[in-house]
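A short worksheet on the structure shown next.
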Amino acid sequence: MKNVSLKSKILFLIITPMVLISGLYIALASGMASSITENSVQMYEKESYAAKKQELQGYVKVAMKTIESYYELTSKEKAKDAVAKGLQKEVETMVGAMEGFYEANKNSMSKAKLQASLKAMVESADYGKTGYFWIHTADTTEVVMHPKNPSLNGKNVADVKDPNGKKLFSAMNKVVNASNEGIVDYQWNKPGSDKPLDKISYVKKFEPYNWVVGTGEYVEDLTAKVQKDALRTIAQMRYGENDSGYFWVNDLDVKMVMHPIDSSLNGKDMSQVKDEDGKAFFKELTQVAKNEGSGFVTYKWKKPGSGKVVPKISYITVFEPWGWVIGTGAYVDFIEANVAQMEEKSAEIENNSFTKMLTTSVIVVGIILLIGFITVKKSVLDPLIRLQAVAKDLYQGEGDLTKRLPIANNDEIGVASEYINGFIGKIENLIANTKQSSSENASISHELSTTALGVGNNVEKSVSVIDNATKQAATIKTEIVESVKHAKES
């Protein structure tokens, strides 16, 4: 830096901070823009997932309300009403057929034959998968015909009780003798079951022979029927674009109860079904249902129509009374695609913004540098150059001490110029005084020279006189010595 000009140093001091500040500004602005963009993308992604989750929750709530409405049909009171209506229809149809046959044949057939025909008609009149009819008497409570348990035929069942001590056949007779028909609820052993189950029966009197014709249904069977109806309804429910949204039901053992799109899955163990990342998502969904009652699970699955494996999010909730896990899901690849598009667009915007900021910064820095340079040149460099010129002239030139530095400002350079001007003035005065002193000294020297010359002449004369005197003295001395010598000899 020793050999670097002051001009270069000042320019360096001006340019360097400006470049650093501009670079810092661009870096901070770019960082802030990038951060804002990233936050915006993350916010969009978060809000999109939240909206989709809320949407799925709403759909599952609708499905749950539907299932709950079916479940209410299995409550004891509603089950009575529901079963009673169905059983009443069956019994009335059966008794109506018996009455028609009786009226058609009472005059042509014997009583025994007519009764046998009627019993055969009832015995063969099964309905549904498990529905049947029996006959017992309304007065003696004797079984006339029981198609499923013939050992009861001819026996008095007035004292037959259910596990709760209820005399069920006697209760039936009480109902028909009071109002000709009605329902009775009790518990009975169902074939294949090791414990008594709730059962509801509907009975009606067949007046010609004072018989009681009855049929019944286990509440469990009603529950299965209601569940079947509920599943059928849920399977038909659709939502979303092109009705692509659907619901499935699996149990707490991760077995598929109902899948509306792929019925081949029904009844299958889904615990080992995994996505391409190895996630057993049905197992995880069921675990969430067990632990939390409801929740979300994300995984990857093949999207219908595209054949591509894309991200999917599913929401499930558990219906504890039946041990069902009701779920629905939605493909969220559109969110990922939008995020990618936003990131790409944001990157493009960032690049354009960076270019604009860089260009603007270069222009602004250039203008500031130009203004700064002009200002520094006028206020610093030009005065310094003039100062340098004067100093150079004093050193190398003719040394014109009448020249002075112009003082344009009262800054440090102006003050320094004033001091230098003062110093030059002092030098000028000193030289002037020195010249005057030199003239006076020259006059004194001349006078001294003249006086010295006179003194020299006088001294020279004195020396000559002294020399003559000395010579005369020597002559006298010699004469005296000679005189003395002659005197002694003589």
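The values are calculated or read from the model by the stated rules, or taken from the named source; none is laboratory data. The shown structure was predicted, so the numbers you read here are calculated from the model rather than taken from an experiment. Every residue, glycine among them, receives a Cβ derived from its backbone with ideal geometry; neighbour counts consider all protein chains shown. With ligands, DNA and RNA removed, areas are computed over all heavy atoms of the protein, side chains included. Shrake-Rupley method; radii C 1.70, N 1.55, O 1.52, S 1.80 Å.
Scanning region 53-104 for residues that are in contact (Cβ under 8 Å) with a residue 24 or more places away in the chain, of a type in the set (S, T, Y) and part of a helix (DSSP H, G or I), we see that the one that is least open to solvent (accessible area, probe 1.4 Å) is T66.
If the condition is being touching a residue at least 60 places away in the same chain (Cβ under 8 Å), in a loop (DSSP other than H, G, I, E, B) and of a type outside the set (D, E, K, R), then region 125-166 contributes T130, Y132, F133, A138. E241 meets all of the listed conditions (1) open to solvent by 90 Å² or more (accessible area, probe 1.4 Å); (2) under 30 Å from G131 (Cα atoms) but one, namely (2). Filtering region 283-324 to residues that are farther than 15 Å from V249 by Cβ, assigned to a strand (DSSP E or B) and small (G, A, S) leaves only G295.
When we screen K199, K174, K161 for residues that are charged (D, E, K, R) and surrounded by 15 or more Cβ atoms within 10 Å (Cβ to Cβ), the only hit is K199. Considering (1) aliphatic (A, V, I, L, M); (2) open to solvent by 50 Å² or more (accessible area, probe 1.4 Å); (3) in contact (Cβ under 8 Å) with a residue 12 or more places away in the chain, the lone condition that A112 does not fulfil carries the number (3). The single condition among (1) among the aromatic types (F, W, Y); (2) in a helix (DSSP H, G or I); (3) closer than 24 Å to F101 by Cα that F169 does not satisfy is (3).
Output the residue which, of all residues in region 272-289 that are in contact with a strand residue (DSSP E or B) (Cβ under 7 Å, 6 or more places away or on another chain) and under 19 Å from K308 (Cβ atoms), is most open to solvent (accessible area, probe 1.4 Å). Among those residues, the one meeting the criterion is E276. Pairs linking a residue in region 168-197 that is modelled with pLDDT under 85 to a residue that is among the hydroxyl-bearing types (S, T, Y), with Cβ atoms under 8 Å and 6 or more positions apart or on different chains, are K190/Y218. Return yes or no: is S117 at pLDDT below 80 and touching a helix residue (DSSP H, G or I) at 6+ places or on another chain (Cβ under 9 Å)? No: the conditions fail for S117.
Looking across region 157-179, the residues that are touching a helix residue (DSSP H, G or I) at 6+ places or on another chain (Cβ under 8 Å) and β-branched (V, I, T) come down to V157, V160. For region 172-192, give me the residue count where each residue is part of a loop (DSSP other than H, G, I, E, B) and either at positive phi or among the hydroxyl-bearing types (S, T, Y) (or both). Looking only at that region, the number is 2. Report whether or not D229 is farther than 23 Å from A330 by Cα and either in contact with a Leu (Cβ under 6 Å, 6 or more places away or on another chain) or part of a helix (DSSP H, G or I) (or both). Judged against the criteria, D229 is a match. With respect to the conditions (1) among the β-branched types (V, I, T); (2) farther than 21 Å from K80 by Cα; (3) open to solvent by 20 Å² or more (accessible area, probe 1.4 Å), I183 falls short on a single one, namely (2).
Listed conditions (1) open to solvent by 50 Å² or more (accessible area, probe 1.4 Å); (2) within 19 Å of F319 (Cβ to Cβ) are all met by P191, apart from (2).
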